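*Asks:* The structure under discussion is supplied below as structure tokens; questions concerning it will follow.
The values are calculated or read from the model by the stated rules, or taken from the named source; none is laboratory data. None of these values were measured; they are calculated from a predicted model. Note that we place each Cβ from the backbone using ideal geometry, even for glycine, and neighbour counts take in every protein chain shown.
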């Protein structure tokens, strides 16, 4: 048997779903998980419990793996470089992944390769943030509010502040991490362009999707993005393919985009792993983002990224007041026989992402209603 | 968390793929496996290694499970009855499962509920088998050859003999197991009607498929069966639903059928678990047989059984002379970006079922060619 061993660092739901996608491939899946109870650790045979911030733990884990990949981007860049220096294939590699770890590095690189981003620069202190706001006024995009982000460690609205004055700008600096200032983009909606690239350089682009955020957390993803012009769609896919190529990404790359009132698209964030905006592919595309991430990481030919239905909608399931989501299956499954529930095995806490649902069909309004209903019912915010 | 624990007895590929289908549901999956290396044991977290023929082992395994289901039908019927007597939900239950365990019981029951079967009776010895052959001559269906089957223990051509004389009829009696004689049906092809039924009595019927056997082993499944008249298709589905209801089946039921030259359909075999003739549903139906088996076993509403493409073809991958199937992925995945490979983690032995592939599309000839090519390439019988 020469089937490869894939080591995935991080025991979250992305690892759980990657393992699920790996079972048919017959590859061997090894997990480095913080605890034996993590989402992925519940369903994987070969689990190592350990701290991904510790290089020795990573080294031990990597021994016997043919390739290392990631559930999250929190592994210290210097550890990734150390593993690579020892000849361990790390995909995506440290040189690529740093752009998903450090927003300052990401903005600098994207700007240098001509990919449009919001106006931005690293700011030293609240007074400098105020200067950044004033600098923007001349071309009409500046002034308060300004978005401040710690360059490392943020996700789902954490590590991001929208500030309206020099006084409000004090908070982001308290962590002692460099702070990036960005214009507050006047966007009409958020899009995501998901692509997958292999070490060979083969790449596939999924249809561009619309991502609807509520309170800074992804709520709904519609595939493909409704009423998106073919030109803008092609431009977004080309942009994502360019980023993947120029940054040397291997695996799944999610490029989160703003569509502006004046018809431009700007890059908001990058993620170099399977991503919430790609969950719809599990039931809506010929090849899921998880299967294609694995194929890329293994340098296998990539699978067809095309959609299998005119419309597929994914809705995240957040924790509500009721700890028991299983009860809700009866109603949701009976109401929509096409509904797919994806739960992560996580304890329910209010506002915590504990799963998602997908459904699909020919009529977008109907598909959205079915997905939203199921997500709300499972959360407990509606009862019929 | 009130998510149920499903205990599955048997560590084969059906358990492996049922676990895969259970991950999104967030249910907990516990496996009773002969060895820690069995197909399913490689990918499941909670594995108990033990002998399913031992009642104490089964009892220990069942403790803490909310329901017990099966990868195979080899658990002794009396053990199933003992577990049920102790209040453990066993699905399908012993009263139903005995019909998939004992071909004599199955034929008697089907005949009593009016489901058409080949002419059959239990025969005592080779001379009685010869009498059975002669009995059939009068209505034109009899005479040699006759099919002899041990009532228990056969599968994939094992435990089945086609005999042409009283002398040849000696072999099947050597095992000391009762022997069932059946007419050798003059069939034009084999079909399978797959249905799923829940304890509630809800049932769904998948499209009737054509199953092509080579040397007594399933080689290819075409969904739906080409050129099957709507009447015959409906009759086959109704027959399978009737069997499921009358036998009290819970879970997936595969009804293997002969389509005769004179336009009848006769039941060949029953299986009360996910079945090779339903593997196409993983990539070709809205809800896979594995997901629906779990939903039935948990008494959840069943998922939509409809096909997602005009044609889906499944081809089994048998072991060939080369132990390394992974190498073949490069060619197969590059040739057909829609191809799905499902490998079972089994060592390659010539003729052993080690995986299957599915693919789909609008043009049946093209879809069949792609599936057959991939299966042959992985086996090593073709090299380009």
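*Asks:* If you take the residues of region B:188-213 that are modelled with pLDDT under 95 and at negative phi, which of them is nearest to the chain's Cα centre (by Cα)?
*Replies:* B:213
*Asks:* For region B:274-364, which helices (runs of 4 or more DSSP H) that fit wholly inside it have 3 or more residues that are under 30 Å from residue A:202 (Cβ atoms)?
*Replies:* Answer list for region B:274-364: B:281-284, B:328-335.
*Asks:* Is it the case that some residue within region A:312-334 is within 14 Å of another protein chain (Cβ to nearest Cβ), out of contact with any helix residue (DSSP H, G or I) (no Cβ under 9 Å at 6 or more places or on another chain) and within 21 Å of residue B:312 (Cα to Cα)?
*Replies:* Looking through region A:312-334, none of the residues is within 14 Å of another protein chain (Cβ to nearest Cβ), out of contact with any helix residue (DSSP H, G or I) (no Cβ under 9 Å at 6 or more places or on another chain) and within 21 Å of residue B:312 (Cα to Cα).
*Asks:* Is it the case that residue B:31 is at pLDDT 95 or above, touching a helix residue (DSSP H, G or I) at 6+ places or on another chain (Cβ under 9 Å) and closer than 25 Å to residue B:278 by Cβ? Don't jump to the end; show me each part of the working.
*Replies:* Details: at pLDDT 95 or above: yes; touching a helix residue (DSSP H, G or I) at 6+ places or on another chain (Cβ under 9 Å): yes; closer than 25 Å to residue B:278 by Cβ: yes.
So residue B:31 passes the test.
*Asks:* If you check residue B:176 against the conditions, is it surrounded by fewer than 17 Cβ atoms within 10 Å (Cβ to Cβ) and not assigned by TED's automatic domain parsing to the domain that holds residue B:310?
*Replies:* yes
*Asks:* For region A:28-43, which residues satisfy the criterion of being more than 8 Å from every other protein chain (Cβ to nearest Cβ) and not in a strand (DSSP E or B)?
*Replies:* Listed by number, the residues that qualify are A:34, A:35, A:36, A:37, A:38, A:39, A:40.
*Asks:* For region B:44-55, state whether one or more residues are at pLDDT 95 or above, away from every other protein chain (no Cβ under 14 Å), surrounded by fewer than 21 Cβ atoms within 10 Å (Cβ to Cβ) and not in a loop (DSSP other than H, G, I, E, B).
*Replies:* Among the residues of region B:44-55, at least one is at pLDDT 95 or above, away from every other protein chain (no Cβ under 14 Å), surrounded by fewer than 21 Cβ atoms within 10 Å (Cβ to Cβ) and not in a loop (DSSP other than H, G, I, E, B), which makes the answer yes.
*Asks:* Testing residue B:360 on (1) within 14 Å of chain A (Cβ to nearest Cβ); (2) surrounded by 21 or more Cβ atoms within 10 Å (Cβ to Cβ); (3) over 19 Å from residue B:223 (Cα atoms); (4) touching a residue at least 40 places away in the same chain (Cβ under 8 Å), one condition comes back false. Which one is that?
*Replies:* Condition (3) is where residue B:360 drops out.
*Asks:* Separate question: For residue B:304, work out the one condition from (1) surrounded by fewer than 24 Cβ atoms within 10 Å (Cβ to Cβ); (2) more than 14 Å from chain A (Cβ to nearest Cβ) it doesn't fulfil.
*Replies:* Just one mismatch for residue B:304, condition (2).
*Asks:* Mind listing whichever residues of region B:247-262 are touching a helix residue (DSSP H, G or I) at 6+ places or on another chain (Cβ under 7 Å) and in a loop (DSSP other than H, G, I, E, B)?
*Replies:* Those that are touching a helix residue (DSSP H, G or I) at 6+ places or on another chain (Cβ under 7 Å) and in a loop (DSSP other than H, G, I, E, B): B:248, B:249, B:250.
*Asks:* To continue, here is another question. In region B:1-27, which residues are farther than 22 Å from residue B:80 by Cβ and at the interface with chain A (Cβ under 8 Å from one of its Cβ atoms)?
*Replies:* B:1, B:2, B:3, B:16, B:17, B:20, B:23, B:24, B:25, B:26
*Asks:* Continuing with this model, one more query. Could you check how many residues of region A:117-139 are in a loop (DSSP other than H, G, I, E, B) and out of contact with any helix residue (DSSP H, G or I) (no Cβ under 8 Å at 6 or more places or on another chain)? Walk me through how you get there before you give the answer.
*Replies:* To start, the set of residues in region A:117-139 that are in a loop (DSSP other than H, G, I, E, B) comprises A:117-119, A:124-125, A:138-139.
Next, from what is left, pick out any that are out of contact with any helix residue (DSSP H, G or I) (no Cβ under 8 Å at 6 or more places or on another chain): A:118, A:124, A:138-139.
The number of residues fulfilling the criteria is 4.
*Asks:* Report yes if residue B:273 is farther than 30 Å from residue B:184 by Cβ and surrounded by 21 or more Cβ atoms within 10 Å (Cβ to Cβ), otherwise no.
*Replies:* Against the criterion (farther than 30 Å from residue B:184 by Cβ and surrounded by 21 or more Cβ atoms within 10 Å (Cβ to Cβ)), residue B:273 does not qualify.
*Asks:* Do you know which residues across region A:203-242 are part of a loop (DSSP other than H, G, I, E, B) and under 13 Å from residue A:191 (Cβ atoms)?
*Replies:* Correct list: A:206, A:207, A:208, A:224, A:225, A:226, A:227, A:228, A:229.
*Asks:* Condition (residue is surrounded by fewer than 19 Cβ atoms within 10 Å (Cβ to Cβ), in contact with a helix residue (DSSP H, G or I) (Cβ under 9 Å, 6 or more places away or on another chain) and away from chain B (no Cβ under 14 Å)) applied to region A:279-291: is it met by at least one residue?
*Replies:* no
*Asks:* Something else about it: So, of the residues in region B:183-198 that are part of a strand (DSSP E or B) and out of contact with any helix residue (DSSP H, G or I) (no Cβ under 8 Å at 6 or more places or on another chain), which turns out to be surrounded by the most Cβ atoms within 10 Å (Cβ to Cβ)?
*Replies:* If we take residues in region B:183-198 being part of a strand (DSSP E or B) and out of contact with any helix residue (DSSP H, G or I) (no Cβ under 8 Å at 6 or more places or on another chain), then B:190 is surrounded by the most Cβ atoms within 10 Å (Cβ to Cβ).
*Asks:* Which condition from (1) within 24 Å of residue B:209 (Cβ to Cβ); (2) away from chain A (no Cβ under 13 Å) is the one that residue B:350 breaks?
*Replies:* (1)
*Asks:* Using the structure shown, decide if residue A:64 is within 12 Å of chain B (Cβ to nearest Cβ), in contact (Cβ under 8 Å) with a residue 12 or more places away in the chain and part of a loop (DSSP other than H, G, I, E, B).
*Replies:* Here the answer is no, as residue A:64 does not meet what is asked.
*Asks:* Might you let me know whether region B:14-30 holds any residue that is within 23 Å of residue B:352 (Cβ to Cβ), surrounded by fewer than 23 Cβ atoms within 10 Å (Cβ to Cβ) and touching a residue at least 12 places away in the same chain (Cβ under 8 Å)?
*Replies:* Start the filter on region B:14-30 by keeping residues that are within 23 Å of residue B:352 (Cβ to Cβ), which leaves B:14-20.
Retained after the next criterion (residues that are surrounded by fewer than 23 Cβ atoms within 10 Å (Cβ to Cβ)): none.
Within region B:14-30, not a single residue is within 23 Å of residue B:352 (Cβ to Cβ), surrounded by fewer than 23 Cβ atoms within 10 Å (Cβ to Cβ) and touching a residue at least 12 places away in the same chain (Cβ under 8 Å).
*Asks:* Determine if region B:75-97 includes at least one residue that is out of contact with any strand residue (DSSP E or B) (no Cβ under 6 Å at 6 or more places or on another chain), outside any loop (DSSP other than H, G, I, E, B) and within 14 Å of chain A (Cβ to nearest Cβ).
*Replies:* The answer is no; no qualifying residue exists.
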